[in-house]
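Asks: Here's a structure for you.
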Amino acid sequence: MTRAEFRRMFMCQGPVITPVIHVLDRDQVLRNIGVAVKAGAPGVFLINHDFPVGELIPIITDVRKFVPDVWIGVNFLAMPAKNAFPILGRLYAGDCPIDAYWADDARIDERVERQIEADMTRKVYSVCGWNGLYFGGVAFKKQREVGREDFECAARLAAPYMDVVTTSGAATGCAADTKKVSDFRRGLGDRPLALASGVNPENVTDYTDLVDCFLVATGINYVSDFYNIDPGRLDELIAIACRHGEEH
């Protein structure tokens, strides 16, 4: 998939903005999805920060009944994609299609050429009964540290194993170093790149030439509120991304 093909999937000329909702319960998720849809966001990600995946699944299935047409991705916190894909396959078979999975660690090892764990993940994906987009974390926060000199190599190795290579800053709410993002862009060539953590209306233009999708939470939430989107902040961020697309 090329960068242009990825953006066309979302009917976006500029970078795609996907708000990340830290799930509490069904009503909180639906309320925030409503805010995202009203702002023109083409989709959202749901993530479980406060409870196990087993408690997230029924919330997801309930939410999907209320918003059957909204693009929804999920992150099962700390769960490798090879374990998540069968769950997504069962959800799909149960009439609860999920559009994307975001794994914090795509199991890419830039220190070796043969990517044994990534190969295994791809094999699981091929037989799990789910065919959504795979956003795979590479040099991602809270995972094994990757040397700055290896960012480009890590991105190059990751490209064949996932739909959207996804990286981040050093921690939640921490903006990524622009040199890191530039290195990832060189490694990926014309493949799509997503960036999570630390993106906000004040700094997004540092990345708009390099990044195709922003997974955003703290940068668009109310101050001191981890769980709810500030409509004004989201409107501003989407407007900047749209302007960039129109100008390029």
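The values are calculated or read from the model by the stated rules, or taken from the named source; none is laboratory data. For clarity, every value in this text was computed on a predicted model and none was experimentally measured. Cβ sites come from the backbone with ideal geometry, for glycine too, and all protein chains shown count toward neighbours. To get the accessible areas, we keep the full protein, side chains included, count just its heavy atoms, and leave off ligands, DNA and RNA. Shrake-Rupley method; radii C 1.70, N 1.55, O 1.52, S 1.80 Å.
Asks: Over the chain, average the accessible area per residue using a 1.4 Å probe and give it in Å², no decimals.
Replies: The answer is 45 Å² per residue.
Asks: On a C-alpha basis, how far is the centre of segment 181-248 from the centre of segment 1-77 in Å? Whole number, if you could?
Replies: Measuring centre to centre over Cα atoms gives 15 Å.
Asks: For V16, which sequence-distant residues (separation of 5 or more, or a different chain) have an amide H within less than 5 Å of its own amide H, given hydrogens modelled in the peptide plane?
Replies: Answer set, sorted by chain and number: C213, F214.
Asks: With an 8 Å Cα cut-off and a minimum separation of 6 or more residues, compute the relative contact order for the chain in percent.
Replies: Normalised by residue count, the contact order of the chain is 23 percent.
Asks: Would you compute, from DSSP H runs of 4+ residues alone, the mean residue ellipticity of the chain at 222 nm, taking -39500 (n - 2.57) per run and dividing by the full residue count, rounded to the nearest 500?
Replies: Result for the chain, helices only: -12000 deg cm²/dmol.
Asks: Nearest 0.05, what FRET efficiency do E55 and M1 give at R0 = 30 Å with Cβ-Cβ as r? List each step's numbers first, then the result.
Replies: Numbers: r = 33 Å, r/R0 = 1.09.
Efficiency, rounded to the nearest 0.05: 0.35.
Asks: With a 1.4 Å probe and all protein chains left in place, how much of the accessible area of segment 75-201 comes from carbon and sulfur atoms, in whole percent?
Replies: 51 percent
Asks: Longest exposed-loop-site-free stretch of the chain, with GluC sites (Glu not before Pro), DSSP loop and at most 14 other Cβ within 10 Å?
Replies: Numbers: sites that count: E113, E145, E202.
The segment 1-112 is the longest one with no such site.
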